[in-house]
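Data first, discussion second: the structure below is written as structure tokens.
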Amino acid sequence: QVQLVESGGGLVQPGGSLRLSCAASGSIFIINAMGWYRQAPGKQRELVATIIRDGSTNYADSVKGRFTISRDSAKNTVYLQMNSLKPEDTAVYYCNVFSNGVLYWGQGTQVTVSS
């Protein structure tokens, strides 16, 4: 089993920044990919960003140039640096990890962008 613990969400004004963290622990052998998704009220969960084993990254068009995904492989931790936040970025953010052939999800952390 793999456990994911997220942190870093909160309330921020438009134009502000937040950094999310997601630490994976448990029976981890190889992490093939890590990512962030988000779900706003009344909407489906959507991809925000992913990073795969070789370090390649992928972003949703809506966050390109504003968000950066990174990882610390030694700590099995993935980060999401979010800059120039907009009200439409308000959502619950979930991290996921693909490891040992299984996709694991975190419990989610709320990000609210409002003045």
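I'm checking my understanding of the structure. Among residues of the stretch 34-54 that are under 19 Å from residue 70 (Cα atoms) and either without any contact (Cβ under 8 Å) to a residue 12 or more places away in the chain or among the charged types (D, E, K, R) (or both), which one is most open to solvent (accessible area, probe 1.4 Å)?
As a first pass, look at the stretch 34-54 and keep what is under 19 Å from residue 70 (Cα atoms): 34-38, 46-54.
With either without any contact (Cβ under 8 Å) to a residue 12 or more places away in the chain or among the charged types (D, E, K, R) (or both) added as a condition, the list becomes 38, 46, 53-54.
Working: 38: 16, 46: 81, 53: 143, 54: 113 Å².
The qualifying residue most open to solvent (accessible area, probe 1.4 Å) is 53.
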**Asked** Given the conditions (1) loosely packed, with under 15 Cβ neighbours inside 10 Å; (2) touching a helix residue (DSSP H, G or I) at 6+ places or on another chain (Cβ under 9 Å), and given that residue 31 satisfies all but one, which numbered condition is not satisfied?
**Response** (1)
**Complete:** Flagged in the stretch 52-73 as within 14 Å of residue 21 (Cα to Cα) and either more than 12 Å from the chain's Cα centre (by Cα) or not small (Gly, Ala, Ser) (or both), in numbering order, are 67, 68, 69, 71, 72, 73
**Prompt:** Quick one: is residue 62 out of contact with any His (no Cβ under 7 Å at 6 or more places or on another chain), assigned to a strand (DSSP E or B) and among the hydroxyl-bearing types (Ser, Thr, Tyr)?
**Reply:** no
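Can you say whether residue 113 is under 15 Å from the mean Cα position of the chain (by Cα) and β-branched (Val, Ile, Thr), as far as the supplied structure shows?
Working: under 15 Å from the mean Cα position of the chain (by Cα): no; β-branched (Val, Ile, Thr): yes.
So residue 113 fails the test.
Which of the residues spanning the stretch 17-28 are out of contact with any helix residue (DSSP H, G or I) (no Cβ under 8 Å at 6 or more places or on another chain) and either without any contact (Cβ under 8 Å) to a residue 40 or more places away in the chain or not in a loop (DSSP other than H, G, I, E, B) (or both)? Before the answer, list the steps.
The initial filter retains those residues of the stretch 17-28 that are out of contact with any helix residue (DSSP H, G or I) (no Cβ under 8 Å at 6 or more places or on another chain), namely 17-22, 24-28.
Within the stretch 17-28, 18, 19, 20, 21, 22, 24, 25, 26 meet the criteria.
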**Item:** Among (1) surrounded by 13 or more Cβ atoms within 10 Å (Cβ to Cβ); (2) under 13 Å from the mean Cα position of the chain (by Cα), the one test that residue 107 misses
**Value:** (1)
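Please give the strands (runs of 3 or more DSSP E) falling wholly within the stretch 70-115 in which 2 or more residues are in contact with an Asp or Glu (Cβ under 7 Å, 6 or more places away or on another chain). Talk me through it step by step, then tell me what you get.
Values: elements: 77-82, 91-99, 102-105, 109-113.
Of the strands (runs of 3 or more DSSP E) lying wholly inside the stretch 70-115, those with at least 2 residues that are in contact with an Asp or Glu (Cβ under 7 Å, 6 or more places away or on another chain) span 109-113.
Within the stretch 2-16, identify whether any single residue is open to solvent by less than 70 Å² (accessible area, probe 1.4 Å), out of contact with any strand residue (DSSP E or B) (no Cβ under 8 Å at 6 or more places or on another chain) and part of a loop (DSSP other than H, G, I, E, B), and answer yes or no.
So the first thing to find is which residues in the stretch 2-16 are open to solvent by less than 70 Å² (accessible area, probe 1.4 Å), and the list is 2, 4, 6-10, 12, 14-16.
Subsequent filtering for residues that are out of contact with any strand residue (DSSP E or B) (no Cβ under 8 Å at 6 or more places or on another chain) retains 15.
Keeping just the survivors that are part of a loop (DSSP other than H, G, I, E, B) gives 15.
So far as the stretch 2-16 goes, yes, one or more of its residues are open to solvent by less than 70 Å² (accessible area, probe 1.4 Å), out of contact with any strand residue (DSSP E or B) (no Cβ under 8 Å at 6 or more places or on another chain) and part of a loop (DSSP other than H, G, I, E, B).
The values are calculated or read from the model by the stated rules, or taken from the named source; none is laboratory data. None of the values given here were measured: they were computed from a predicted structure. Quick reminder, even Gly has a Cβ in these numbers, built from the backbone with ideal geometry, and neighbours come from all protein chains shown. When the accessible area is computed, the model is the full protein with side chains, heavy atoms only, and any ligands, DNA or RNA have been set aside. Shrake-Rupley method; radii C 1.70, N 1.55, O 1.52, S 1.80 Å.
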